[in-house]
Amino acid sequence: MEATRLYSPAVAHLPLDLPGEFADQLRRALDREGKIARGIDALGSVGDADVALIDAEGSDLARRLDEAGARLVHVPGATPFEADLGDSTVDVLVSPWAAFRGPDPAEVAEADRILRPGGRLLVIHDYGRDDVSRLRGDLPEYGVWTRRDGPFLTGGFRIRVLHCFWTWDDLDEARFFLEGAFGETGAAVAAEMKRPRLSYNVAIYHRPAGGA
């Protein structure tokens, strides 16, 4: 069965889909400190490893993982997740936001197929309980996915929460982005800002090949 793309390559490695101008602004604001890439390295040991990265070619995340010594293999995003890779060919599989939304056991099985023994699946999603979640409303990422009885933590995954930020150069730039991208909700959040950044919590759900 032919895989269906979830997002265009320009925005798949971002936590939400925005029009081009605002996607570019979010790309510049997202995690300037590089905490997500460092978290991936801490959990997956990407240095000198074969790392499959889903639908994030050309992204800041890809650049940071490359700088950490990962040998990147870029995999197109699709639903359901399918990888045109042989069995046991990568050490780490990283899914930034777009795939493994749930996750589906068949997708996890596909990840296990391409991972070598001792490899790891790392799935990035928003965690909530932060400023950014005020912009986006009620999402499963903020609720059922994070619970002990949710699909990740009952499916052999553990969770690492990273405390990151969306950061702009100044308040005017932040307000322009928030009002343009999120309308009245963004304007209300921007009106309360004292400095040009929003708290942003990111969950990395991680699982060894074959399960716990």
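The values are calculated or read from the model by the stated rules, or taken from the named source; none is laboratory data. These numbers were taken from a predicted model, which means no experiment stands behind them. When we count neighbours, we look across all protein chains shown, and the Cβ atoms used for this are built from the backbone with ideal geometry, even at glycine.
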(request) Please specify each residue of the range 102-159 satisfying the condition of being in contact with a Lys or Arg (Cβ under 9 Å, 6 or more places away or on another chain) and small (Gly, Ala, Ser). (result) Ala111, Gly128, Gly155, Gly156
(message) Contact list please: Cβ distance under 9 Å, first residue in the range 143-170 and touching a residue at least 24 places away in the same chain (Cβ under 8 Å) and farther than 14 Å from Tyr205 by Cα, second residue basic (Lys, Arg) and in a strand (DSSP E or B), pairs at least six apart or on different chains.
(response) Phe165/Arg197; Trp166/Arg197; Thr167/Arg197; Trp168/Arg197
(request) Looking only at the range 168-190, decide whether some residue is surrounded by 13 or more Cβ atoms within 10 Å (Cβ to Cβ) and either in a strand (DSSP E or B) or under 15 Å from the mean Cα position of the chain (by Cα) (or both). (result) no
(message) Among the residues of the range 93-102, are any surrounded by fewer than 22 Cβ atoms within 10 Å (Cβ to Cβ), modelled with pLDDT of 95 or more and within 15 Å of Pro208 (Cβ to Cβ)?
(response) no
(message) I'm trying to understand the selection: among the residues of the range 118-142, which are closer than 21 Å to Gly39 by Cα and surrounded by fewer than 16 Cβ atoms within 10 Å (Cβ to Cβ)?
(response) Gly118, Arg129
(request) For Glu57, work out the one condition from (1) modelled with pLDDT under 95; (2) not in a loop (DSSP other than H, G, I, E, B) it doesn't fulfil. (result) (2)
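Any idea which residue in the range 128-140 is nearest to the chain's Cα centre (by Cα), counting only those that are of a type outside the set (A, V, I, L, M), under 20 Å from Ala181 (Cβ atoms) and at pLDDT 95 or above?
Only one residue tops the list, namely Gly128.
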(request) With the condition kept exactly as written, say whether any residue in the range 37-52 is touching a residue at least 24 places away in the same chain (Cβ under 8 Å), surrounded by fewer than 21 Cβ atoms within 10 Å (Cβ to Cβ) and in contact with a Cys (Cβ under 9 Å, 6 or more places away or on another chain). (result) no
(request) Return yes when Glu110 is within 24 Å of Asp24 (Cβ to Cβ), acidic (Asp, Glu) and either touching a Leu at 6+ places or on another chain (Cβ under 7 Å) or surrounded by 15 or more Cβ atoms within 10 Å (Cβ to Cβ) (or both) and no when it is not. (result) no
(request) Answer yes if at least one residue in the range 181-190 is among the acidic types (Asp, Glu) and under 30 Å from Asp41 (Cα atoms), and no otherwise. (result) no
